[in-house]
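To keep things clear, I will list the structure first and then write my remarks on it.
The values are calculated or read from the model by the stated rules, or taken from the named source; none is laboratory data. As the structure is a computational prediction, the values presented were derived from the model and not from experiment. Methodologically, a virtual Cβ is constructed for each residue, glycine included, from the backbone with ideal geometry; neighbour enumeration extends over all protein chains shown. Note: areas computed on protein heavy atoms with side chains; ligands, DNA, RNA excluded. Shrake-Rupley method; radii C 1.70, N 1.55, O 1.52, S 1.80 Å.
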Amino acid sequence: TGDLIVDGNGRFGGPNATGTRTVSVLSNQAAGIDVVSGPAASAEVVVRSGPDMDAKLLLIDPGAGSLGSRFEIQNRGAADIPTFEITDGQRVLMTIENTGEVGDMGVSGHGLFGGGEVLQDRTMSIKSGLDAALEVLSEGDDAILTVTGGVDKKAIVEFASATSEMQIVHQGHDNANQKLSIVSDGSDELLSVTSEDNRGDLHVTGDVEFG
């Protein structure tokens with residue numbers, strides 16, 4: 001084999017060339033492309049399409065049938081809103097739409113932050129200078145929000161303001177009788193419902209008014 005070293009720039013094809021142009025790096029072992037800058041400069045890889053066409057990076061495992069896979073990372077040039085997509089070549093898996101000042105993300109499947117092997121706290125936040133909302137929407141079936149604690153640990157939904165906290169607490173450590181509580185400021189139990197003998201027992205620490 002021979003090695004080619006060029007001290008200047010290189011170009012294959014050009015604006016007046018007709019037909020497809022391809023540069024390939026092939027090997028029976030590992031193959032790679034390195035883009036290396038100087039210590040005080042940036043390094044870039046630019047994929048630029050024609051107007052209103054897609055610019056793509058393809059990651060392909062050429063295995064036969066289910067043993068193979070394909071991911072396409074692309075800038076959807078023809079989209080009405082500037083859109084970054086990850087697809088499997090046929091189905092859209094994830095999108096990020098540039099709406100001008102923010103990016104809106106869409107995921108067609110599930111999402112996971114952290115995992116069972118992660119031994120640190122994990123947080124997902126929805127923050128805004130105006131209203132912030134978490135919506136669980138179903139167009140044809142039940143919509144469920146599930147909060148699951150560890151074994152014998154609490155599952156909590158917290159409603160907090162700058163001056164107070166209210167919590168809905170599933171007391172997971174109380175295995176004899178399932179207990180759901182409303183707690184103020186993390187410690188003051190205001191109300192609880194206990195499941196016992198196929199019935200629910202209500203306990204209120206203060207006054208109750210009916211009617």
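Numbers for the structure displayed
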| read-out | value |
| --- | --- |
| Relative contact order (percent, whole number), the range 1-138, Cα cutoff 8 Å, 6+ residue spacing | 9 percent |
| Long-range amide H partners of Arg70 with built H, under 5 Å | Asp61 |
| Magnitude of the charge dipole, the chain, Cβ model with Lys/Arg +1 and Asp/Glu -1, debye to 20 | 1280 debye |
| Accessible carbon and sulfur surface of the chain relative to its total accessible area, %, 1.4 Å | 51 percent |
| Residues of the range 120-211: accessible area per residue with a 1.4 Å probe, Å² | 86 Å² |
| Read-out Rg/Rh (Cα atoms, Kirkwood Rh), derived from the coordinates shown; its label in [x] 0.95; [y] 1.01; [z] 1.15 | [z] |
| Accessible area per residue, Å², the range 1-100 with all protein chains present, probe 1.4 Å | 87 Å² |
| Net charge over other residues, Cβ less than 13 angstrom from the Cβ of Glu97 (K, R count +1; D, E count -1) | -3 |
| Distance in nm between pseudo-label sites at Asn16 and Leu130 (7 Å out along the Cβ direction from Cα) | 5.4 nm |
| Cross-link partners of Lys153 among lysines (Cα-Cα below 21 Å; sequence separation of 8 or more within a chain) | Lys179 |
| Within the range 180-211, backbone nitrogen closer than 12 Å to the virtual label 7 Å beyond the Cα of Met166 toward Cβ | 182-185, 190-191 |
| In sequence order, calculated HN-Hα J values of the range 53-59 (Karplus, 6.51, -1.76, 1.60; Hz; x Gly/Pro) | 10, 7, 10, 10, 10, 9, 10 |
| ³J(HN,Hα), Karplus 6.51/-1.76/1.60, whole Hz, each residue of the range 69-77, x for Gly, Pro | 7, 8, 10, 10, 9, 9, 9, 6, x |
